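Before any comments, here is the structure.
The values are calculated or read from the model by the stated rules, or taken from the named source; none is laboratory data. Here the structure is a predicted model, which means the values were calculated and not measured. Cβ placement follows ideal geometry from the backbone for every residue including glycine, while neighbour counts extend to all protein chains displayed.
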Amino acid sequence: MRLSPPNDEASFCCAIRNKKTPLVFVRPGVVGSGQAGESPGGTFRCVAWLVRGEDVLAAAEVAVTRRRRRGGLLGRDAMDGVLILRPCRQVHTVRMRFAIDVAFCDRDGFVLHVATLAPNRISRPVPRAYFAIEAPSGAFDRWQLRPGDLVEVRG
């Protein structure tokens, strides 16, 4: 099922790549139960999986609204899994309590740039990036995630 991206960001859950279509926008409730909904803070979120080839790397929370992307990981002491920010070309760790790994990917999911950011730092802009993956510091080394890898977000 291929849907055009709606104008209202809160009306869709997340972008999911699959093998038959390049990009699919999934509305809440289309993928399955328990995968989309309101977080306790009232911001819409989508839970999916970060996949490389046939390997599931981590559970992924997809920030789909401007409010959620702006808030990102602020106020958290740690994180499980990854946070996907779409669209995103640059991130910061200002007022964050822990270091993160960041991967910037193009529209097809190819990793363009990988960096580790300590708290109170700003990444360099990656002009060709379409989305960013934020993970706990050291996660990309464990997963051996490198520029040129192809990742997918599956719901």
(request) Tell me which residues, restricted to segment 82-121, are among the aromatic types (F, W, Y) and modelled with pLDDT under 95. (result) F98
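Regarding segment 85-92, can at least one residue be identified that is part of a loop (DSSP other than H, G, I, E, B), among the charged types (D, E, K, R) and exposed (fewer than 14 other Cβ atoms within 10 Å of the Cβ)?
Here is the first cut: in segment 85-92, the ones part of a loop (DSSP other than H, G, I, E, B) are 86-91.
Filter again for among the charged types (D, E, K, R), leaving 86, 89.
With exposed (fewer than 14 other Cβ atoms within 10 Å of the Cβ) added as a condition, the list becomes none.
No: segment 85-92 contains no residue that is part of a loop (DSSP other than H, G, I, E, B), among the charged types (D, E, K, R) and exposed (fewer than 14 other Cβ atoms within 10 Å of the Cβ).
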(message) Pull out all pairs, ordered by first then second residue, where Cβ-Cβ is under 7 Å, the residues are six or more apart or on different chains, the first lies in segment 61-73 and is assigned to a helix (DSSP H, G or I) and surrounded by fewer than 20 Cβ atoms within 10 Å (Cβ to Cβ), and the second is at pLDDT below 85 and acidic (D, E).
(response) R66/E9
(request) Sort out which residues of segment 25-60 are exposed (fewer than 13 other Cβ atoms within 10 Å of the Cβ), touching a strand residue (DSSP E or B) at 6+ places or on another chain (Cβ under 7 Å) and at pLDDT 75 or above, and write them in order of number. (result) V56, A59
(message) Among the residues that make up segment 63-70, is at least one of them of a type in the set (A, V, I, L, M) and modelled with pLDDT of 85 or more?
(response) yes
(message) Take D77 and tell me if it is modelled with pLDDT under 90, in a loop (DSSP other than H, G, I, E, B) and out of contact with any His (no Cβ under 7 Å at 6 or more places or on another chain).
(response) yes
(request) Output yes when any residue across segment 72-82 is basic (K, R) and within 17 Å of W49 (Cβ to Cβ), and no when none is. (result) no
(message) Go through segment 116-155 and report how many residues are part of a helix (DSSP H, G or I) and surrounded by 18 or more Cβ atoms within 10 Å (Cβ to Cβ).
(response) 3
(request) Please enumerate the residues belonging to segment 100-134 that are farther than 18 Å from G75 by Cα, out of contact with any strand residue (DSSP E or B) (no Cβ under 6 Å at 6 or more places or on another chain) and not charged (D, E, K, R). (result) P125, P127, Y130
